[in-house]
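**Student:** For reference, the structure I am asking about is given below.
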Amino acid sequence: MDRLQSMRIFSKVVEMGGFARAAAALDMSNAVVTRYVADLESHLGTRLLNRTTRKLSLTETGHVYLERVRQILADIEDADAIAAISAKKPSGTLRIYSVPGFGVSQLAPLLALFAKKFPDVILDIKISSHPVDMVEEGIDVGFFLDLQKIDSSMVARQLATPDVMLCATPEYLRVNGTPETLDDISRHRCLNYAFDFMRHNWMVHDWDTEEFSYAGKSKQVLKQIPVNSCVVSNNTAILRECALADMGLVLLSSYSLDNDIRSGRLIRLFPEHSFGSVSIFMAYPSRRLLSAKVRSFINFIVEQFPHAGTHPSAQ
C-alpha cells in the first residue's frame with residue numbers, strides 16, 4: 001500500500017465530501033478511491049469514515065488522524081517547494097576541496113568573484129594535501145592535481161596543465177650562487193615535494209649534444225639529477241614559504257609560484273628546460289540532478305578555464 005497516496009486520497013475525500021466527487025477531482029475511478037481508503041483503514045485497524053447512502057462523516061479517530069495527515073501533507077509540500085527553489089536559485093552551503101597550491105594561488109581569487117555573483121551561497125572550503133573521499137565527506141566539488149586521487153565514479157574535468165618550475169629567491173642565489181648547468185643543482189639545498197620518486201632525484205628534459213636526429217637537431221632526453229633535500233613536505237604552501245625564506249631551490253607547479261615570479265620574489269631557473277607538468281582536475285559526484293549552487297559553481301569555473309574538458313577515464 002502506498003501510504004502517502006492513501007493519506008492524500010483520504011484527505012481529498014473529506015475535503016470534497018464524498019468518494020465520487022473526490023474521484024472526479026483526482027481523475028480516478030470511484031472504485032480506486034474507495035479501495036485506497038479501505039486499505040488505509042485496514043492498515044490502521046480502525047474506521048476513519050462513517051458511510052451512509054446520503055452522508056459521509058468522520059469518526060472520532062478520523063478527526064484526529066485527518067488533522068495529523070493534513071500537517072504531514074503540508075510539510076511535504078513545503079519540503080518539495082524548498083527543494084524546487086534550491087534547484088533553481090543558487091543558495092545553501094557549497095563544500096569545496098582543493099590541493100594547496102591551486103587552492104591558495106588560483107582558486108581563492110575566483111571564490112571571491114563567485115561569492116559576489118552568488119551571495120546566497122555559503123562557501124565551505126577544505127585545503128589539504130591529503131586525499132579525500134568526496135562522497136563520505138560531503139564534498140560538492142574537488143580540485144586535484146591528478147586522476148589518481150579521483151574515484152572512477154566521479155565526473156572529472158581537466159582544467160589546465162601548468163608547467164613545473166625551478167625557482168629560488170634573489171637572496172639565496174646571491175649567497176649560494178646561481179646554478180649555471182643542470183648538474184650544478186646537485187650542490188644546492190633543495191626544497192622537495194614528498195613524492196617517493198622525487199626524494200633523491202629530479203627529472204628534467206635535456207638536450208643530448210652527442211646524439212643527433214635525422215633532421216640535424218640535438219635530441220631531447222630525460223635527465224636524472226641527484227638532489228640534496230633540506231626540506232621535504234607534502235604541502236606546497238610550506239615549500240613555497242621555505243623558498244621565500246631563502247632556504248633553497250624549489251620545484252613546484254607554476255600555479256604555486258607564478259605570482260612570486262612576476263613580483264620578483266622568486267627567480268625562475270633554466271626556463272629553457274622542461275621539469276614536467278601537472279594536470280589540474282575539477283571533480284564532482286554526478287552530472288544528474290545537480291543543485292543550482294553546484295551547477296552554477298561548475299559553470300563559473302569552466303568559464304575561467306576556457307580549454308577545460310571532461311576527462312574520458314573519469315566519467
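The values are calculated or read from the model by the stated rules, or taken from the named source; none is laboratory data. Note that the structure is predicted; figures quoted are calculated from it, not measured. Here Cβ is always computed from backbone atoms with ideal geometry, including for glycine, and neighbour counts include all displayed protein chains.
**Student:** In region 239-280, what residues are at positive phi and of a type in the set (D, E)? I'd like the intermediate steps shown before the answer.
**Tutor:** Kept after step one, since they are at positive phi, are these residues of region 239-280: 246, 248, 264, 270, 276.
The answer is D246, and nothing else.
**Student:** Could I ask something else about it? Which residue, of S152, S128, is surrounded by 12 or more Cβ atoms within 10 Å (Cβ to Cβ) and of a type in the set (S, T, N, Q)?
**Tutor:** Working: S152 fails: surrounded by 12 or more Cβ atoms within 10 Å (Cβ to Cβ).
On inspection, the qualifying residue turns out to be S128.
**Student:** For P90, indicate whether it is at pLDDT 90 or above, surrounded by 14 or more Cβ atoms within 10 Å (Cβ to Cβ) and assigned to a loop (DSSP other than H, G, I, E, B).
**Tutor:** Working: at pLDDT 90 or above: no; surrounded by 14 or more Cβ atoms within 10 Å (Cβ to Cβ): yes; assigned to a loop (DSSP other than H, G, I, E, B): yes.
When the stated conditions are applied, P90 does not pass them.
**Student:** Which of (1) farther than 23 Å from L239 by Cα; (2) part of a loop (DSSP other than H, G, I, E, B); (3) under 14 Å from the mean Cα position of the chain (by Cα); (4) without any contact (Cβ under 8 Å) to a residue 24 or more places away in the chain does M134 not meet, given it meets every other one?
**Tutor:** (4)
**Student:** Could you grab me the full set of residues in region 252-273 that are polar (S, T, N, Q) and assigned to a helix (DSSP H, G or I)? If you could, list the steps in order and put the result at the bottom.
**Tutor:** To start, the set of residues in region 252-273 that are polar (S, T, N, Q) comprises 253-254, 256, 259, 263.
Passing the criteria: S254, S256, N259, S263.
**Student:** Across region 155-193, which residue is surrounded by the most Cβ atoms within 10 Å (Cβ to Cβ) among those that are in a loop (DSSP other than H, G, I, E, B) and over 24 Å from the mean Cα position of the chain (by Cα)? Can you show your working first?
**Tutor:** Residues of region 155-193 that are in a loop (DSSP other than H, G, I, E, B), as a first pass: 161-162, 169, 177-181, 188.
Still in the list and also over 24 Å from the mean Cα position of the chain (by Cα): 169, 177-181, 188.
Working: T169: 21, G177: 11, T178: 13, P179: 18, E180: 9, T181: 8, H188: 19.
In this case the residue turns out to be T169.
**Student:** Can you run down the residue pairs with Cβ atoms below 9 Å, 6 or more apart or on separate chains, where the first is in region 47-61 and closer than 16 Å to R21 by Cβ and the partner is surrounded by 13 or more Cβ atoms within 10 Å (Cβ to Cβ) and among the polar types (S, T, N, Q)?
**Tutor:** Within 9 Å, the pairs are L49/T59.
**Student:** Can you tell me which condition L107 does not meet? The list is (1) surrounded by fewer than 18 Cβ atoms within 10 Å (Cβ to Cβ); (2) in contact with a strand residue (DSSP E or B) (Cβ under 9 Å, 6 or more places away or on another chain); (3) without any contact (Cβ under 8 Å) to a residue 60 or more places away in the chain, and all the others hold.
**Tutor:** Result: L107 passes all but (1).
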